[in-house]
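Here the structure comes first, spelled out in structure tokens, and everything after it is commentary.
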Amino acid sequence: MAAAAVQLRGLRRLCRVLLFLSQFYILSGGESTDIPPYVTKCPSNGLCSRLPADCIECKTNFSCVYGKPVTFDCTVKPSVTCVDQDFKSQKNFIINMTCRFCWQLPETDYECSNSTSCMTVSCPRQRYIANCTVRDHIHCLGNRTFPKMLYCNWTGGYKWSTALALSITLGGFGADRFYLGQWREGLGKLFSFGGLGIWTLIDVLLIGVGYVGPADGSLYI
């Protein structure tokens, strides 16, 4: 009996060691269960023809005629599941699209980064280089991320109506210029009583037509 008890305890220790080693093997990446990052963008069991571009691989033809309809043979990527119109599992299918490169798409089909370091109110109007990315459901040729020159178009939260109201009512004290962040001009108007009224009238006109804007170079809202 004593020998059997010793053997049983030894067997239990061996099982614990094997269990620990198996868990350590899995956690260390021995059995990789990683899911490709693109899978999070791919709806499960949806129509293959409506999958985002990151979920499929297509045999594109760059010699197609620009602006004309074209069809491409596509295959879903690994770990992606989709169906056809009859709700049957599908791997290979075709998509219909317009022959054009991604940078030729209309502005509504991609998103671009904004710059808050350029002046929107300037002559000539300033531009900046933005990084643009095509929306997931849009298909096009070439790189889906591309640079593009865009006009400065951002706002710091200043309201044109507020600036104009301050210019009309308290412009003689420089309130409009202080509101727009132009404190030097505001002090000048304050201590000159609005340039004896002349400066005040000029600012009403300039703010009214949008010529005078926020000091940070942003647009009114």
Inset, instruction - Over the stretch 43-123, calculate the relative contact order: mean separation of alpha carbon pairs under 8 Å at least 6 apart, over the residue count, as a percent. - result: 31
Legend entry - Calculated on alpha-carbon atoms, Rg and Dmax of the stretch 38-134 in Å: 18.2, 59
Legend entry - Accessible surface of the stretch 62-221 [probe 1.4 Å, protein heavy atoms]: carbon and sulfur percent: 61
Inset, instruction - Specify the inter-centroid distance of the stretch 142-203 and the stretch 67-127, based on alpha-carbon positions, in whole Å. - result: 39
Inset, instruction - Just tell me which aspartates and glutamates come within less than 13 Å, Cα to Cα, of Lys189; anything on the same chain fewer than 8 places away is out. - result: Asp176, Asp203
Legend entry - For the stretch 213-219, Karplus couplings with θ = phi - 60° (6.51, -1.76, 1.60), whole Hz, Gly/Pro x: x, x, 5, 7, x, 8, 8
Inset, instruction - Would you kindly state how much longer the chain becomes between Asp136 and Leu47 on full extension, computed as 0.36 nm times their sequence separation minus their alpha carbon distance, in nm to one decimal? - result: 30.6 nm
Legend entry - Simple spin-label estimate for Asn114 and Thr98 in nanometres, 7 Å along Cα-Cβ: 2.7
Inset, instruction - Could you pull out every one of the lysines with an alpha carbon less than 24 Å from that of Lys41, ignoring same-chain neighbours closer than 8 positions? - result: Lys59, Lys77, Lys88, Lys91
Legend entry - Stretch gain in nm, segment Asn61-Leu170, where the contour uses 0.36 nm per residue and the Cα spacing is subtracted: 32.8 nm
Inset, instruction - With a cut-off of at most 10 other beta carbons within 10 Å, and DSSP calling the residue loop, which chymotrypsin sites (Phe, Trp or Tyr not before Pro) in the stretch 87-174 qualify? Please list them. - result: Phe87
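The values are calculated or read from the model by the stated rules, or taken from the named source; none is laboratory data. Remember, predicted model here, so these are calculated numbers, not experimental data. Cβ coordinates were reconstructed from backbone atoms using ideal geometry, including for glycine residues, and neighbour counts include every protein chain displayed. Just so you know, the surface numbers come from the protein's heavy atoms only, side chains and all, with ligands and any DNA or RNA stripped out. Shrake-Rupley method; radii C 1.70, N 1.55, O 1.52, S 1.80 Å.
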